[in-house]
1. Examine segment 52-66 for a residue that is part of a loop (DSSP other than H, G, I, E, B) and either open to solvent by 100 Å² or more (accessible area, probe 1.4 Å) or at pLDDT 70 or above (or both), and state whether such a residue exists.
2. Does Val40 satisfy the criteria of being assigned to a helix (DSSP H, G or I), out of contact with any strand residue (DSSP E or B) (no Cβ under 8 Å at 6 or more places or on another chain) and either modelled with pLDDT of 70 or more or open to solvent by less than 20 Å² (accessible area, probe 1.4 Å) (or both)?
3. For segment 105-123, what are the residues that are under 13 Å from the mean Cα position of the chain (by Cα) and modelled with pLDDT under 90?
4. Among (1) at pLDDT below 65; (2) in a helix (DSSP H, G or I), there is one condition Lys75 misses while meeting the rest; what is its number?
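The values are calculated or read from the model by the stated rules, or taken from the named source; none is laboratory data. What you are looking at is a predicted structure, and each value in this text was computed from that prediction instead of being measured. Neighbour counts run over all protein chains shown; Cβ positions are idealised from the backbone, glycine included. Keep in mind that these areas ignore ligands, DNA and RNA; they rest on the heavy atoms of the full protein, side chains included. Shrake-Rupley method; radii C 1.70, N 1.55, O 1.52, S 1.80 Å.
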Amino acid sequence: MKICEVIPSLKLLNFNVENVEPERMTKDQLHIVFQIIGNVLESNSPATREEKEEFERYQNSYLRKRIVRCWQRKKIRFPFQYDAGTCRDIFEEIKPMLIRYFKEEYKGKEFRINPLTFRAFLWNQEYLSKKFNQIPDCRCWGEILKVADQLKEKQMLNLQSD
């Protein structure tokens, strides 16, 4: 698996991330990789053709809109009890939609859903919404990503069975 296939914005940059066994990367290693990728992409400020195409798909996705609305609506119910447990419960509720959206985004590509590809997918949604100034969406994707990062590996591995 090449990371530029999961995050198409990287295709035009002189940037390559390679790991022999990406599924064995720790959460800390993933954080560092995505921090570097974010810095590289943000330094290339004008939107690329790939980013524009991705954002058009992003805007036209009914499932994406449903995920963001569902997250916002459910999170608002718990404004004073906003904790990791509540967010995990909301995440578990929207996980089937997230998995369908992942499959919709990478239709025709042979990606196995695993903690790395799923995290890259969520990170890319946050990046796109930030890049194209969709601040409420960006906030939602950032929160979803944060909750996904807090999940135990066992819960993340359950992604394939949904």
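1. Yes, there is a match, as at least one residue in segment 52-66 is part of a loop (DSSP other than H, G, I, E, B) and either open to solvent by 100 Å² or more (accessible area, probe 1.4 Å) or at pLDDT 70 or above (or both).
2. So Val40 fails the test.
3. The answer is Glu105, Tyr106, Ile113, Asn114, Pro115, Leu116, Thr117, Phe118, Arg119, Ala120, Trp123.
4. So the condition that Lys75 fails would be (1).
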